[in-house]
1. After finding the eigenvalues of the alpha carbon gyration tensor for the stretch 4-154, what semi-axes result from the square roots of 5 times each, listed largest first in whole Å?
2. From the Cα gyration tensor of the stretch 90-166, with a ≥ b ≥ c the square roots of its eigenvalues, which class applies: rounded if a/c is under 1.5, or else prolate if a/b is larger than b/c, or else oblate?
3. Is any helix in the chain, taking whole DSSP H runs, at least 15 angstrom long along its axis by alpha carbon and on average at least -0.5 on the Kyte-Doolittle scale, and which ones?
4. Which listed residue (Phe89, Ala105, Ile119) has the Cα farthest towards the positive end of the charge dipole for the chain, taking +1 on Lys and Arg C-beta and -1 on Asp and Glu C-beta about the Cα centre?
5. Keeping the other protein chains in place, figure out the carbon and sulfur percent of the accessible area of the chain, with a 1.4 Å probe.
6. Quick one: length gained pulling Ala137 to Thr67 fully straight, 0.36 nm per residue minus the C-alpha distance?
7. Largest first, what is the accessible-area ranking of Leu156, Leu35, Leu45 with a 1.4 Å probe?
Amino acid sequence: MGTSSWDGGEIDGGGPDEGPEQRITRNWNELLQELRVLQTGVQILTGFLLTVPFSPRFPDLNDHQQTIYLIVLVGSVITTSLIIAPVSFHRMLFRRRQRPWLVTASHFCARAGLVGFAIVSALVVLLVFDVVVSLTAAVVAAIAVLVLFVSLWAGLPLLNGRNNSH
């Protein structure tokens, strides 16, 4: 059985006749499809966050709520940069036979972007619950969101991997 490394090792899912070039091309294409899904969500969230200070109720936020907002905004921009970075990598290295590096670097950016998106989503929930209900409810809701993301995005795949290894 193959490994699941992104360093050019065999990746499950390829056919027996798949060579290293076909495998890395398949890995790149699969990664791009995943990034397209994530890019949409991150870009919509970032765009929305950029409009918040211009809403009539923004001045009503207290100091800690404004601080949370700024942290969320910066986190969302960082997450956006991670998710879009593979596009820049590809443009800079187009036709330079750097696809193994592209896949490895883009895989890292995608994973970091997923973590960033989970954190930013939890912080958005924290801010909204803090404004609407209370800080205590906000902390509980944000933790619940993080638990949901970790359970779905990491827990289930790890559980599946453990079940398939027997």
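The values are calculated or read from the model by the stated rules, or taken from the named source; none is laboratory data. What you are looking at is a predicted structure, and each value in this text was computed from that prediction instead of being measured. Cβ sites come from the backbone with ideal geometry, for glycine too, and all protein chains shown count toward neighbours. Areas reflect the complete protein model, heavy atoms only, side chains present, ligands, DNA and RNA absent. Shrake-Rupley method; radii C 1.70, N 1.55, O 1.52, S 1.80 Å.
1. Gyration-tensor ellipsoid for the stretch 4-154: 38, 17, 10 Å.
2. It comes out oblate by the Cα gyration axes.
3. Answer set is 20-51, 63-93, 99-132, 135-150.
4. It is Phe89, whose Cα lies furthest towards the positive end.
5. Ligands and nucleic acids excluded, carbon and sulfur reach 66 percent.
6. Stretched out fully, the Ala137 to Thr67 stretch lengthens by 23.4 nm.
7. Leu156, Leu45, Leu35
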